[in-house]
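Here's the structure, in structure tokens; my notes come after.
The values are calculated or read from the model by the stated rules, or taken from the named source; none is laboratory data. From a predicted model like this one, the values you see are computed outputs, not experimental measurements. Counting neighbours? That spans all protein chains shown, and the Cβs are built from the backbone with ideal geometry, glycine included.
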Amino acid sequence: MEFNNAEEIEATEALDAVPESIERAIVDGIDLNGAPLPKEMVTFYKEVMQKEADRICRVRVAMRKKIITVGAKHFDQETLNQRLLDAGWEGLKAAEIAYFFS
């Protein structure tokens, strides 16, 4: 990406950082000047943000599956379960225990 001046760089960086006040306005459906935001705009924004959240979630799910598959070779059931919980994931499910530890 090529920029012609410092203003273009600052404007691009600003797009990546949405201030909390703007996020709040979007959630409320009201522009910062008090005018209502068109419902179609807000709906589309929420749809795109949900898709991004789902994408991120799928990465976490994939990470958990890989940790369990590989971790079951290196940790006993109790240790792996506790490490999952400590890391913020849910513990081992009955089906995972049956498959990897029976």
From Ile26, Ile30, Ile22, Ile67, residue being more than 30 Å from Ile97 (Cα to Cα) and in contact with a Phe, Trp or Tyr (Cβ under 9 Å, 6 or more places away or on another chain): Ile26
Selection count where residues are over 21 Å from Cys57 (Cα atoms), of a type outside the set (A, V, I, L, M) and exposed (fewer than 13 other Cβ atoms within 10 Å of the Cβ), scope the range 73-98: 5
Meets criteria (without any contact (Cβ under 8 Å) to a residue 24 or more places away in the chain and not basic (Lys, Arg)) for Ala25: yes
Ala35, sole failed condition from (1) within 24 Å of the chain's Cα centre (by Cα); (2) surrounded by fewer than 10 Cβ atoms within 10 Å (Cβ to Cβ); (3) of a type outside the set (Lys, Arg); (4) at pLDDT 95 or above: (1)
Any chance Gln50 is closer than 17 Å to Glu23 by Cβ and either within 24 Å of the chain's Cα centre (by Cα) or surrounded by fewer than 11 Cβ atoms within 10 Å (Cβ to Cβ) (or both): yes
